[in-house]
Amino acid sequence: MIDVGAAVALIVMLPSPASRLPMQDTTRGKAVYVKWCAGCHGDTGAGDGVAAAHMLPRPRNFTGGLYKIRTTASGQLPTDADLLRAIDEGLPGSAMPGWKGRLSDAERRSVLAYIKTFSSFFADTSQHVVPLKFSSPPGGGTGADALKVGRQFYDSIGCRKCHGDQGRGDGPSAPTLKDDADFPIFAADLHQNWRFRGGGAVEDIYRRLRTGLDGTPMPSFADLIDQKFLTDQELWRLAQYVRSLSPAAPPEVRDVVHAPQIPGTVPASPDDSTWARVARYWFPLVGQVIHKSRWFAPAVSGVWVQAVHDGKRLALRVSWDDRTESPDTAWLKFEQRILQTVAGDDSGSPPPQAEPWPDQLAVQFPRRLPEGSGGMERPYFLMGGATDPVYQWRWISRPRHAFAGLARGIERFDTLPGAPAGQATYDRGEWRLVLTRALATPDTANEVQLEAGRAIPLAFFAWDGSSGEHGSRMAVSTWYFLALDRPTPPGVFISPVLAMLVTLGLGLVVVRRAQRRGGARHIS
Amino acid sequence: MNLPSAIRRYAEHPFRQAVGILVLAYIVVVWVVPVLPGSAIVPKSVVLQYMVTVLVGVLIYVSDNEERWHRFKEPIQAVLVEPRLKLVRAAVLAGVTALVGLVAYGQVTTSVAAPPNLRSIHPAPPAEITFRGKAITLTGLENPLRQHTDSLAAYLAEGKRVYYQNCLPCHGDHLDGQGHFAPGFNPLPANFQDNGTIAQLTESFVFWRVAKGGPGLPREGTPWNSAMPVWEDFLTEREIWSVILFLYEQTGWKPRTWEKTEPGGGSRETGGGHD
């Protein structure tokens, strides 16, 4: 571990960065940094730019020389290539974008050189920074046996303490986690590898296991190999297991949720076997940064949605990752740290006190299906407005129940008598909720009538109570669509078959005629 | 016989040329055009239009000359009549029939799609707006902060702070509309680096869009979808003009300016541009 006190003393004693690195011209790098980086990372590189308080995770503090994503051993400085990769590709799941294609090669290299001047550790040229040698993935594939080995080590080396039994970042130690700067830090949700800072490929995961994430509670497991607790191959198996928890490719956002018509009645339970056979759709959620009080650190990054209908009722299944079954007093301290770390709109007053808020979900529809102008006009996506309300289904984790009502903006919600049926399961970091309602209801003025064959607008909102989310502090989506598909009518095959018969007949006529003419030509 | 001349001889035949041109056109339209900068995936109906156009062109070319037309027809004729090509003939007939069946099936089973998002990107601004109860005439209005040349640096610094604390989550570090919250919204946040946004607009137009946000859009701007906040609820008039200064400074674009005309006439917009 680096001695922080000694480091501070070093920085104080050392002359200005420019004279420390006389070999390198950092004027250009400084210009690029001041223009594009300082807003978040701060003029002195301390990660305290004007935007920093609106971000979680916070922007990197360059003065400590401490970096999460490296190819070097734990406690070592990163290589230039490591830093350049972060600059080029960005850090997924954070606010850091990739600058490749935005800044020129020369600009990115010069800003890299300038960033290193913020920490005296880089000036010490006696420390030769060398990347670790990484092995290649072992053979034997990633079948059930390989993943089983990986899972064994997931349990035995303590991954589940923070990342949880199913890897959704909900382990028993998760609510205690903070980084070296005392900011709250989430154990990664291993089901969303597209948000891993260092990349979601199995090679990236293996490297993080070898190097650890310095400055965070995530350790390096290299010493366990040295102690012969596990082999390099077994570490690969662990990486393969972690990789297997996420989809093969990052979810693609599609506009329309298709609800197939099923025989019998729609499933009311979130764990009904029907759901395994229905396509699921991913919708990203982002912070509510439009109305006071804004929320810059949404806990729910997206929802998976499935839908079926039986001609009479619709069943909508929404599942999302949530580290807590809120309210959960074990997370109150963590919630307080989030509220202290993330700036809100009431910046003058002290941060709000952590309270045991419940989890919530809202599914939003217009009151009536849009008519005219191509069916595209809808109420305001963010919970409608005073004169143009939206119809919402709401679900709350405690007391657990579902209800429906009209929202007129974020602040005003009027409950309607008719409620959807709601059944929810909380399972090790995941909520699975099924809401069902009749397609047609008596209150046609306020409750959307779900017609098959129409594009029905819908949107989603989610609150994680243990992250301090309630009211306007939430994750929001834009409008998407739900379509109740009709079963394929038997008549659907008539016209294609007819078209084929006509084509074949015409083809045969053309051939016959050509042959007759060709034959005639031969005779003449 | 070397390879290039073999290829040339092979490609000399008008039928093969026609097929080659059609295949090439399809590749260009479907795979090459979408990767060109500023381009997008070509919709299926447009691909069909392009292919029909190319086909007509090819037919005009091959039928333009009697001998070429004759040679062009030879392989078609051969497939239709030659006894030794019986199998090919059957395969072509079966293939065309199956294709027609598939297309017809696709036509009758079209599923529900999202309605087209017909949206006016730069709707006409009002002549006057009310900003926190104060009337502001937009027509002919320039950024008032530009007159204070000695305080410009301070205004830019303020604009930068306002941008990073408010605009960044959507419009992004590079002002290109790719902030970390951008993927959650539709339409996507405006890309200020693009030559079609602030480069085309007067600062008074930008002021209107910032002050009134999505809910202040006229109907053709599909106000129900835009996530742009109503910034007059958050920012002062000076903060908005400051952040507008910052947008132009950071991207290097020049705002479109108003052309001053003699008394009696109004003012007109005149072109902006990149420096």
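The values are calculated or read from the model by the stated rules, or taken from the named source; none is laboratory data. Everything numeric in this text was worked out from a predicted model, so none of it was measured. All Cβ positions, glycine included, derive from the backbone under ideal geometry; neighbour counts span all protein chains shown. Heavy atoms of the whole protein, side chains included, go into the accessibility calculation; ligands, DNA and RNA do not. Shrake-Rupley method; radii C 1.70, N 1.55, O 1.52, S 1.80 Å.
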List every residue pair whose Cβ atoms lie under 9 Å apart, where the two residues are 6 or more positions apart in sequence or sit on different chains, the first residue falls within the stretch B:96-109 and is more than 7 Å from chain A (Cβ to nearest Cβ), and the second residue, located anywhere, is aromatic (Phe, Trp, Tyr) and surrounded by 15 or more Cβ atoms within 10 Å (Cβ to Cβ). none
Checking B:Pro187 against (1) assigned to a loop (DSSP other than H, G, I, E, B); (2) at the interface with another protein chain (Cβ under 7 Å from one of its Cβ atoms); (3) more than 19 Å from B:Glu249 (Cα to Cα): exactly one of these is not met. Which one? (2)
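So which residues in the stretch B:118-141 are surrounded by fewer than 14 Cβ atoms within 10 Å (Cβ to Cβ) and assigned to a loop (DSSP other than H, G, I, E, B), if there are any at all? I'd like the intermediate steps shown before the answer.
Step one: of the stretch B:118-141, the residues surrounded by fewer than 14 Cβ atoms within 10 Å (Cβ to Cβ) are B:118, B:120-122, B:124, B:127-128, B:130, B:132-135, B:137.
B:Leu118, B:Ser120, B:Ile121, B:His122, B:Ala124, B:Ala127, B:Arg132, B:Gly133 - these are the residues of the stretch B:118-141 that are surrounded by fewer than 14 Cβ atoms within 10 Å (Cβ to Cβ) and assigned to a loop (DSSP other than H, G, I, E, B).
Quick test for you: out of A:Asp155, A:Asp180, pick the one residue that is without any contact (Cβ under 8 Å) to a residue 12 or more places away in the chain and of a type outside the set (Gly, Ala, Ser).
A:Asp155
Quick grid of which residues meet (1) out of contact with any His (no Cβ under 6 Å at 6 or more places or on another chain); (2) free of Cβ contacts under 8 Å to residues at least 40 places away in the same chain; (3) under 21 Å from A:Val476 (Cα atoms):
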{"position": "A:Ile338", "(1), (2), (3)": "yes, no, yes"}
{"position": "A:Val342", "(1), (2), (3)": "yes, no, yes"}
{"position": "A:Ser349", "(1), (2), (3)": "yes, yes, no"}
{"position": "A:Glu377", "(1), (2), (3)": "yes, yes, yes"}
{"position": "A:Arg408", "(1), (2), (3)": "yes, yes, yes"}
{"position": "A:Pro417", "(1), (2), (3)": "yes, yes, no"}
First in the stretch A:78-106 and more than 13 Å from every other protein chain (Cβ to nearest Cβ) and under 23 Å from A:Gln192 (Cβ atoms), second anywhere and among the small types (Gly, Ala, Ser) and open to solvent by less than 50 Å² (accessible area, probe 1.4 Å), Cβ under 8 Å, 6 or more apart: A:Asp88/A:Gly98; A:Glu89/A:Gly98; A:Glu89/A:Gly199
Got a number for residues in the stretch A:308-325 being open to solvent by less than 20 Å² (accessible area, probe 1.4 Å) and within 20 Å of the chain's Cα centre (by Cα)? 5
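Per-residue answers, yes or no, for (1) more than 14 Å from chain B (Cβ to nearest Cβ); (2) crowded, with 22+ Cβ neighbours inside 10 Å; (3) not acidic (Asp, Glu):
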residue: A:Gln353; (1), (2), (3): yes, no, yes
residue: A:Arg367; (1), (2), (3): no, no, yes
residue: A:Met383; (1), (2), (3): no, yes, yes
residue: A:Ala386; (1), (2), (3): no, no, yes
residue: A:Ser397; (1), (2), (3): yes, yes, yes
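If you take the residues of the stretch B:223-239 that are assigned to a helix (DSSP H, G or I) and closer than 24 Å to A:Tyr380 by Cα, which of them is nearest to the other protein chains (Cβ to nearest Cβ)? Break it down stepwise before answering.
Our first condition is that a residue be assigned to a helix (DSSP H, G or I); within the stretch B:223-239, this holds for B:231-233, B:237-239.
Restricting the remaining residues to those that are closer than 24 Å to A:Tyr380 by Cα gives B:231-233.
Values: B:Trp231: 10, B:Glu232: 12, B:Asp233: 7 Å.
Ranking the candidates gives B:Asp233 first.
Residues are listed down the side, and each one gets a yes or a no for (1) outside the structural domain of A:Thr27 (by TED's automatic domain parsing); (2) closer than 20 Å to A:Leu84 by Cβ; (3) open to solvent by 50 Å² or more (accessible area, probe 1.4 Å); (4) hydroxyl-bearing (Ser, Thr, Tyr):
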{"residue": "A:Leu103", "(1), (2), (3), (4)": "no, yes, no, no"}
{"residue": "A:Arg108", "(1), (2), (3), (4)": "no, yes, no, no"}
{"residue": "A:Tyr114", "(1), (2), (3), (4)": "no, yes, no, yes"}
{"residue": "A:Val129", "(1), (2), (3), (4)": "yes, yes, no, no"}
{"residue": "A:Pro137", "(1), (2), (3), (4)": "yes, no, yes, no"}
{"residue": "A:Lys148", "(1), (2), (3), (4)": "yes, no, yes, no"}
{"residue": "A:Phe153", "(1), (2), (3), (4)": "yes, no, no, no"}
{"residue": "A:Cys159", "(1), (2), (3), (4)": "yes, no, no, no"}
{"residue": "A:Gly167", "(1), (2), (3), (4)": "yes, no, no, no"}
Report yes if some residue within the stretch A:267-290 is in the same structural domain as A:Pro399 (by TED's automatic domain parsing), free of Cβ contacts under 8 Å to residues at least 60 places away in the same chain, surrounded by 24 or more Cβ atoms within 10 Å (Cβ to Cβ) and over 24 Å from the mean Cα position of the chain (by Cα); otherwise report no. no
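Pick from B:Arg16, B:Arg84, B:Arg9, B:Arg68: which is part of a helix (DSSP H, G or I), modelled with pLDDT under 85 and more than 30 Å from A:Phe493 (Cα to Cα)?
Only one candidate qualifies: B:Arg9.
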Out of B:Glu220, B:Glu262, report the one residue that is modelled with pLDDT under 95, exposed (fewer than 14 other Cβ atoms within 10 Å of the Cβ) and not in a loop (DSSP other than H, G, I, E, B). B:Glu220
Return the pairs, sorted by first residue and then second, in which the second residue is surrounded by 15 or more Cβ atoms within 10 Å (Cβ to Cβ) and not aliphatic (A, V, I, L, M), the first residue lies in the stretch B:76-95 and is more than 8 Å from chain A (Cβ to nearest Cβ) and under 14 Å from A:Leu508 (Cα atoms), the beta carbons are less than 7 Å apart, and the residues are 6+ apart or on different chains. B:Val79/B:Arg89
Anything in the stretch A:204-220 that is part of a loop (DSSP other than H, G, I, E, B), closer than 14 Å to A:Arg70 by Cα and either assigned by TED's automatic domain parsing to the domain that holds A:Leu66 or not charged (D, E, K, R) (or both)? List them, or say none. A:Gly212, A:Leu213, A:Gly215, A:Thr216, A:Met218, A:Pro219, A:Ser220
Taking the stretch A:456-502 as the region of interest, how many residues are over 23 Å from B:Asn186 (Cα atoms), at the interface with another protein chain (Cβ under 9 Å from one of its Cβ atoms) and in a loop (DSSP other than H, G, I, E, B)? 2
Is there a residue in the stretch A:48-67 that is over 22 Å from A:Pro217 (Cβ atoms), free of Cβ contacts under 8 Å to residues at least 24 places away in the same chain, not aliphatic (A, V, I, L, M) and not assigned by TED's automatic domain parsing to the domain that holds A:Val342? yes
Being closer than 20 Å to B:Ala227 by Cβ, modelled with pLDDT under 95, surrounded by fewer than 21 Cβ atoms within 10 Å (Cβ to Cβ) and hydroxyl-bearing (Ser, Thr, Tyr) is the requirement here; does A:Ser293 meet it? yes
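Taking B:Asp173, is it over 23 Å from B:Val230 (Cβ atoms), within 7 Å of another protein chain (Cβ to nearest Cβ), without any contact (Cβ under 8 Å) to a residue 40 or more places away in the chain and not in a helix (DSSP H, G or I)?
On the way: over 23 Å from B:Val230 (Cβ atoms): yes; within 7 Å of another protein chain (Cβ to nearest Cβ): yes; without any contact (Cβ under 8 Å) to a residue 40 or more places away in the chain: yes; not in a helix (DSSP H, G or I): yes.
Criteria met by B:Asp173.
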Hits in the stretch B:240-259 - residues which are assigned to a loop (DSSP other than H, G, I, E, B) and of a type in the set (Gly, Ala, Ser): B:Gly252
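Tell me, please, whether a residue that is part of a helix (DSSP H, G or I) and more than 15 Å from the chain's Cα centre (by Cα) can be found in the stretch A:176-193.
yes
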Looking at the stretch B:53-65, is at least one residue assigned to a helix (DSSP H, G or I), exposed (fewer than 14 other Cβ atoms within 10 Å of the Cβ) and aromatic (Phe, Trp, Tyr)? no
